[in-house]
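Worksheet: the structure to be examined is printed underneath.
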């Protein structure tokens, strides 16, 4: 997409204000002068008899880091009260518009969203128009699926010396994740301003924001097989037997996050004990010498067979019982019902406290 041509062709609009392109500087008229950006675009906005001029930093990338850098450059080009700073990109979400407003920088997109700020003269805020220019980027969503494990690493350890240290932690707690994959995910996390590595250690810098992104994109693991039934064993013995059997079979087993919450928050235990496992439930029950009848009536055990690496990442063991990680527990609760969401907040505060963020 040639964003400059879109702008010249009347792609900017912010009703009830009138928007016009006043001029484009010499650098801008030649097109993109740096990766993803154009400079020197002049814009005029008229509203309620007021006419104000802006100098805009124009870019194609809409990540938080790109917007932040664009704001800095726009502010450097502007000379109030003759010209005010502005950012123009294909799409501005409500969150990005809020950041622009807080910084006192105007912003317009090609979808009809925008914020215009001229102290004492104009204040216009318009959002809610859908994104007509979704960016097709590999690893665009690093908060969903197996790639999200890289993000979760920063909720266990807030700082790493090198990329290989992250790879090592992931290998230790979940299995192999390629170095190249970790590097690409880190690049996006940097763009989203939740990770920083400006020539030094790789640091998580906005754990709260990172957690919000993980929750917004969370999808439950896909189960290839399910056993739901009833057995007469006490819960702790049931858990230990299954864990031992899974180990003998060379598989993985862990309590689900919803079944692990009792260790992290005040929450009444469910009548059914839920597990994730990699082995076939029938084989696992037989190896554990557990006599369980498959039924939904008065069920107290459920086994969900899945190879989703996320659920086995960073398990916690106590008395031979494998509990889900605090992060997995929080994610399951945060996307549950109201009672679960209340417990999720307790778990979240515990995670943030462990990172020194509370």
- prompt: Based on the mean of other beta carbon atoms within 10 Å per residue, what is the order of 253-260, 193-200, most packed first?
  reply: 253-260, 193-200
task: Between residue 355 and residue 180, take the C-beta separation as r, use R0 = 22 Å, and let me know the FRET efficiency to the nearest 0.05.
output: 0.25
statement: Labelled set (1) 31, 26, 19; (2) 51, 20, 17; (3) 42, 24, 18; semi-axes √(5λ) of the Cα gyration tensor in Å computed from this model equals the value at (2)
- prompt: What is the calculated FRET efficiency for residue 237 to residue 342, with r their C-beta to C-beta distance and R₀ = 30 Å, to the nearest 0.05?
  reply: 0.50
message: Suppose only helical runs count, i.e. DSSP H with n ≥ 4. What mean residue ellipticity at 222 nm does that imply for the chain under -39500 (n - 2.57) per run, divided by all residues and rounded to the nearest 500 deg cm²/dmol?
response: -10000 deg cm²/dmol
query: Most exposed first by the Cβ proxy, i.e. fewest other Cβ within 10 Å, how do 67, 290 rank?
result: 290, 67
- prompt: Which FRET efficiency, nearest 0.05, do residue 280 and residue 230 yield, Cβ-Cβ r, R0 25 Å?
  reply: 0.85
query: Of 219, 302, 50, which has the largest mean-square fluctuation in a 10 Å C-alpha GNM of the chain?
result: 50
query: Where does helix 338-354 land angle-wise versus the long Cα axis of the chain, in degrees 0 to 90, nearest 10?
result: 80 degrees
- prompt: Build a GNM of the chain with springs between Cα atoms under 10 Å: which of 159, 101, 328 gets the top mean-square fluctuation?
  reply: 101
message: Can you compute the modelled spin-label distance between residue 266 and residue 6, with each label point 7 Å from Cα toward Cβ, in nm?
response: 5.1 nm
- prompt: Hey, how many Å between the Cα centroid of segment 247-324 and the Cα centroid of segment 64-142?
  reply: 47 Å
field: Relative exposure of 84, 274, judged by other C-beta atoms within 10 Å (fewest first)
entry: 274, 84
query: When the Debye formula is applied to the Cα atoms of segment 225-354, each taken as the same point scatterer, what base-10 log of I(q)/I(0) results at q = 0.17, 0.21 Å⁻¹?
result: -0.86, -1.24
query: Where a ≥ b ≥ c are the square roots of the eigenvalues of the C-alpha gyration tensor, would you call segment 3-126 rounded, which needs a/c under 1.5, or, failing that, prolate if a/b is larger than b/c, or oblate?
result: rounded
statement: The Cα radius of gyration of segment 148-216, divided by 2.2 N^0.38 Å with N its residue count, comes to 1.00
- prompt: Once segment 275-339 is represented by equal point scatterers at the alpha-carbon sites, with solvent omitted, what log10 I(q)/I(0) does the Debye formula produce at q = 0.14, 0.18, 0.23, 0.24 Å⁻¹?
  reply: -0.55, -0.87, -1.17, -1.19
- request: Tell me the label-point distance for the pair residue 163, residue 289, using the 7 Å Cα-to-Cβ offset, in nm and rounded to one decimal.
  value: 5.0 nm
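Read-outs throughout are calculated quantities, based only on the coordinates presented, and are distinct from any laboratory measurement. Predicted model, so just to flag it, every value in this text is computed and none were measured. Glycine also receives a Cβ, built like all others from the backbone with ideal geometry; neighbour counts cover every protein chain displayed.
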